[in-house]
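Student: Got a structure for you, written out below as structure tokens; questions coming shortly.
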Amino acid sequence: MFDLGPLQLILFLLFLVVLGWGIRAWRSRREVVQVHVDLGLITPIGVQVRAHDLLEAGKYADAVKLIRKESQVSRREAEDVAKALQAGQVLPDFPMPWEGDLSTRVRKLVSSGRLKEAVFLVRSHENMSQSEAEAFVDSQLREPGT
């Protein structure tokens, strides 16, 4: 048909087999590539407060479920967040463009009855201890214009 000798036919068939293996390996490798960007344990402040309340009530599993559902993270990451909250840490909030400065946001939270969330917000954004954040929130309540 192509007027190939036995050696040329064997080499041609070997070439086709190697080409097939290469294409198969490329396709399988191409499907496995995943991009994972680790954002650390960024968790919305509201979720942290509700999870902290559950942890204080001794409901660790419920706190992990809440974190997983609300933050859309893996179970392992949700457990890491829960452990950090149990240890008294406050995690960073999602970077968002907010209206007003931190004081304005704290006053709004306190006026709507969310004092604990205000303290968590201050601790997260200013890297303060619990007592420092509470003092900051208290100072915002005493300032005129509240």
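The values are calculated or read from the model by the stated rules, or taken from the named source; none is laboratory data. These figures come from a predicted structure and were not determined experimentally. When we count neighbours, we look across all protein chains shown, and the Cβ atoms used for this are built from the backbone with ideal geometry, even at glycine.
Student: Among residues belonging to segment 38-72 that are free of Cβ contacts under 8 Å to residues at least 12 places away in the same chain and part of a loop (DSSP other than H, G, I, E, B), point out the one that is surrounded by the most Cβ atoms within 10 Å (Cβ to Cβ).
Tutor: The extreme case among them is Lys59.
Student: Do we find that Phe136 is more than 15 Å from Val47 (Cα to Cα), among the aromatic types (Phe, Trp, Tyr) and modelled with pLDDT of 80 or more in this structure?
Tutor: For Phe136, the condition - more than 15 Å from Val47 (Cα to Cα), among the aromatic types (Phe, Trp, Tyr) and modelled with pLDDT of 80 or more - is met.
Student: Considering only residues that are modelled with pLDDT of 85 or more and part of a helix (DSSP H, G or I), which ones fall in segment 74-103?
Tutor: Arg75, Arg76, Glu77, Ala78, Glu79, Asp80, Val81, Ala82, Lys83, Ala84, Leu85, Gln86
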